[in-house]
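Just so you know, all these numbers are worked out from the coordinates, no wet-lab data involved. The structure displayed is predicted, hence computed values, not measured ones. No Cβ is skipped: glycine too gets one built from the backbone with ideal geometry, and neighbour counts run over all protein chains shown.
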Amino acid sequence: MDQRTINPWKWQDQFAFSQGVEVTNASRVLYCAGQASVDGSGKPVHVGDMRKQLEQAFQNLEAVLQAAGFGLVNVVRLNYYTTDVDGFLSAADIVGSRLGAAGCQPSGTLVGVTKLAFPGLMIEIEATAAK
């Protein structure tokens, strides 16, 4: 599989995302449900702490990817849904660190929402991976 990032500008690089990602010669695509800061039984954890919720959501996303034989390096799109855009942006170094370590700069969208599936959740991450 080949990936080509489409970035007519440079401003997005500081946020660890691309304007577009072209995928060719992929034989598998994985569409992941939104991953949030929940434990193995689906109960919210780290209520009120955006940094810890982001870490947990990424851990959960990586568990789903790994179970399917993928990794963050295979992610071509990440959508973030948050009840606190400012809180997300102040903790965005976590996103950049995780994606940078994986050599991943997917396309994506950040959306502010009024609430998520369960009370106390502040962030949900939805991914598409190709391999």
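Structure above, values below:
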{"item": "Cross-link reach list, lysines versus Lys43, counting only Cα pairs under 23 Å and skipping chain neighbours closer than eight places", "result": "Lys52, Lys115"}
{"item": "Charge dipole (the chain, unit charges on Cβ, about Cα centre) - positive-most of Gly120, Leu110, Leu89", "result": "Leu110"}
{"item": "Per-residue [θ]222 nm for the chain (sum of -39500 (n - 2.57) over DSSP H runs n ≥ 4, rounded to 500)", "result": "-8000 deg cm²/dmol"}
{"item": "Convex hull projection area averaged over all views, the chain, Cα basis, nm²", "result": "7.6"}
{"item": "13 Å beta-carbon shell around Ala127, net charge (K/R +1, D/E -1)", "result": "0"}
{"item": "Relative contact order of the chain, pairs being alpha-carbon contacts under 8 Å that are 6 or more residues apart, as %", "result": "37"}
{"item": "Protection proxy ranking of 94-102, 41-49, 6-14 - average other beta-carbon atoms within 10 Å, highest first", "result": "94-102, 41-49, 6-14"}
{"item": "Between 0 and 90°, nearest 10: helix 50-67 axis offset from the chain longest Cα axis", "result": "50"}
{"item": "Local net charge near Arg98, Cβ-Cβ under 13 Å (Lys/Arg +1, Asp/Glu -1)", "result": "-2"}
{"item": "³J(HN,Hα) computed for each position of segment 87-95 - Karplus, 6.51 cos²θ - 1.76 cosθ + 1.60, integer Hz, glycine/proline x", "result": "x, 4, 4, 6, 10, 5, 4, 5, 4"}
{"item": "Dipole magnitude (debye, nearest 20) for the chain, charges at Cβ of Lys, Arg, Asp, Glu", "result": "220"}
{"item": "Linear extension gain, Asp39 paired with Asp93, 0.36 nm per residue minus alpha-carbon span", "result": "17.2 nm"}
{"item": "Spin-label model distance (nm) - Ala101 vs Arg28, 7 Å beyond Cα toward Cβ", "result": "2.3"}
